[in-house]
1. Do any residues in segment 105-133 that are closer than 14 Å to residue 23 by Cα have Cβ atoms under 8 Å from those of residues that are aromatic (Phe, Trp, Tyr) and assigned to a helix (DSSP H, G or I), where the two are at least six apart or on different chains, and which pairs are they?
2. Given the residues 27, 109, 70, 62, which is the only one that is in contact with a Lys or Arg (Cβ under 9 Å, 6 or more places away or on another chain), under 30 Å from residue 151 (Cα atoms) and crowded, with 16+ Cβ neighbours inside 10 Å?
3. Which residues, counting only those in segment 113-130, are open to solvent by 10 Å² or more (accessible area, probe 1.4 Å) and closer than 16 Å to residue 26 by Cβ?
4. Just to verify a result, which residue in segment 155-193, among those that are hydrophobic (A, V, I, L, M, F, W, C), more than 17 Å from residue 92 (Cα to Cα) and free of Cβ contacts under 8 Å to residues at least 60 places away in the same chain, is surrounded by the most Cβ atoms within 10 Å (Cβ to Cβ)?
5. With 196, 231 as the choices, which residue is exposed (fewer than 13 other Cβ atoms within 10 Å of the Cβ) and not in a helix (DSSP H, G or I)?
6. For segment 211-228, which residues satisfy the criterion of being open to solvent by less than 50 Å² (accessible area, probe 1.4 Å) and in contact (Cβ under 8 Å) with a residue 24 or more places away in the chain?
7. Please indicate, with yes or no, whether at least one residue in segment 83-92 is within 15 Å of residue 15 (Cα to Cα), touching a Pro at 6+ places or on another chain (Cβ under 6 Å) and assigned to a helix (DSSP H, G or I).
8. How about segment 131-154: which of its residues are farther than 14 Å from residue 112 by Cβ and crowded, with 20+ Cβ neighbours inside 10 Å?
Amino acid sequence: MTSTPILDPAVREALVAYLLPWADDELILGHRDSEWTGFAPMLEEDLAFSSIAQDEIGHAALIYQIVAELTGENPDHLALRRPADAYRHSALVERPNGDWAYTIARHYLYDLQDAGRLEALSGSSYPPLAGIARKMAREEHYHRLHGEMWWERLATGTDESRERLVQSARAIVPQIGALFGATDGQELLLAEGILPASPASLHTSWREQARPLLVALDPALVRLLDVAPEPRGSRPVSDDFQALH
């Protein structure tokens with residue numbers, strides 16, 4: 001990994017505030033994906049989701065490593081030894097997997113936003129961040145293709161599969177916006193080019209991608225895209241995460 005450049009303390013603090021929620025999202029979603037091992041609808045999906053889970057947790061490890069280099073903390077402690085109320089992941093990723101349609105909807109809509117973020121961060125002025133973004137983007141490309149295939153399969157399969165996907169999207173779309181919430185000091189990161197694009201602009205791009213998918217599935221879902229993201233930060237520990245933690 002590229003050696004860590006020296007940052008102004010305020011910029012360093014802002015970067016940690018940006019990275020931790022992202023790392024926590026990847027870690028918790030990876031754990032949820034791993035729960036399909038042995039329970040997926042077919043053997044090849046046992047293998048596929050096991051691989052996806054491994055990638056997501058590996059991506060979390062890359063981000064935690066940058067945080068550790070910025071703070072002097074142990075990356076394993078950051079990932080697995082913080083108290084439950086110190087995690088900053090979104091509510092979306094901690095939710096139980098539910099049925100297959102819910103998992104696929106979350107998988108695909110999350111990966112669409114992740115693709116936009118990684119594309120932007122590949123041009124970051126902070127070399128360690130640009131480096132992991134490019135590495136992650138290569139692997140996430142296949143996750144996105146997998147999600148796209150299953151989204152289409154459920155949307156055009158049976159009446160039941162389509163309705164399950166509609167209900168899942170109805171629950172998930174309002175929660176996706178939280179992934180684009182502002183973090184403390186992000187204006188410093190934008191000014192330094194560490195963040196080449198604001199979360200707000202990435203949210204706009206994601207909505208443009210998601211809109212035709214939702215219109216084709218159920219036009220009524222489009223209004224859910226207007227839910228404004230709240231800032232990323234602390235929130236009450238849910239029963240779902242307490243059990244997972």
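1. Qualifying pairs under 8 Å: 117/22.
2. On the way: 27 fails: in contact with a Lys or Arg (Cβ under 9 Å, 6 or more places away or on another chain); 109 fails: in contact with a Lys or Arg (Cβ under 9 Å, 6 or more places away or on another chain); 70 fails: under 30 Å from residue 151 (Cα atoms).
One residue alone meets the criteria, 62.
3. Step one: of segment 113-130, the residues open to solvent by 10 Å² or more (accessible area, probe 1.4 Å) are 115-117, 119-120, 122-125, 127.
Matches in segment 113-130: 115, 116, 117.
4. Looking only at segment 155-193, we keep the residues that are hydrophobic (A, V, I, L, M, F, W, C), and these are 155, 165-166, 169, 171-173, 176, 178-180, 182, 188-191.
Next cut, more than 17 Å from residue 92 (Cα to Cα) only: 155, 188-191.
Of the ones still in play, those that are also free of Cβ contacts under 8 Å to residues at least 60 places away in the same chain are 190-191.
Working: 190: 16, 191: 11.
Going through the qualifying residues, I end up with 190.
5. Values: 196 fails: exposed (fewer than 13 other Cβ atoms within 10 Å of the Cβ).
Testing whether each residue is exposed (fewer than 13 other Cβ atoms within 10 Å of the Cβ) and not in a helix (DSSP H, G or I) leaves just 231.
6. Taking segment 211-228 as the starting set, the residues that turn out to be open to solvent by less than 50 Å² (accessible area, probe 1.4 Å) are 213-214, 217-218, 221-222, 224-225.
Scanning segment 211-228 gives 213, 214, 217, 218, 221, 224, 225.
7. Step one: list which residues in segment 83-92 are within 15 Å of residue 15 (Cα to Cα), which gives 88.
In the following step, the residues that additionally are touching a Pro at 6+ places or on another chain (Cβ under 6 Å) were identified as 88.
With assigned to a helix (DSSP H, G or I) added as a condition, the list becomes none.
So far as segment 83-92 goes, no, none of its residues is within 15 Å of residue 15 (Cα to Cα), touching a Pro at 6+ places or on another chain (Cβ under 6 Å) and assigned to a helix (DSSP H, G or I).
8. 132, 133, 136, 154
The values are calculated or read from the model by the stated rules, or taken from the named source; none is laboratory data. Note that the structure is predicted; figures quoted are calculated from it, not measured. Ideal geometry is used to build each Cβ from the backbone, glycine not excepted, and the neighbour counts take in all protein chains shown. Calculation scope for accessible area: heavy atoms of the full protein, side chains included, ligands and nucleic acids excluded. Shrake-Rupley method; radii C 1.70, N 1.55, O 1.52, S 1.80 Å.
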